[in-house]
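Remarks on the structure that follows.
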Amino acid sequence: MRTQNLHYNYELVVDDKRQYFRTARCIATHLGVSHATIRNKINNPLMVFRKYKKNNIEIIRVHVPIYDIRIQQTKIEY
């Protein structure tokens with residue numbers, strides 16, 4: 001029996017737009033680059049992607065519960 005992944009492990013910041021991802025492979029699929037490229041970027045933050053030369057991309061390791069993010073996004077003000 002597999003346990004559910006209940007946390008986001010990575011935060012992707014592209015030109016001040018933040019998104020959370022569970023795996024590095026999900027980031028690779030989202031950006032259209034290889035998994036090895038993402039791993040290299042995580043280990044060397046100064047690296048620049050050839051595909052995204054004009055964009056400021058930052059990948060941060062985090063441990064954020066998925067439940068908390070969903071609650072914050074669906075907050076309703078009266």
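Amide H contacts of R22: N9, each under 5 Å away and 5 or more positions distant or on a separate chain (H built 1.01 Å from N in the peptide plane; Pro and chain starts excluded). Taking 7 Å steps out from each Cα toward its Cβ at Y67 and N43 produces label points 3.5 nm apart. When K51, K41, K17 are arranged by Cβ crowding within 10 Å, least crowded first, meaning fewest neighbours, the order is K17, K51, K41.
Neighbour counts of other Cβ atoms within 10 Å put L46, L6 in the fewest-to-most order L46, L6.
Normalised radius of gyration (Cα atoms, divided by 2.2 N^0.38 Å) for segment 7-73: 1.10.
Every number in this text was worked out from the coordinates using simple rules, so none of it is lab data. Given the structure is predicted, the values throughout are model-derived calculations rather than measurements. Positions of Cβ are backbone-derived with ideal geometry, glycine not excepted, and every protein chain shown enters the neighbour counts.
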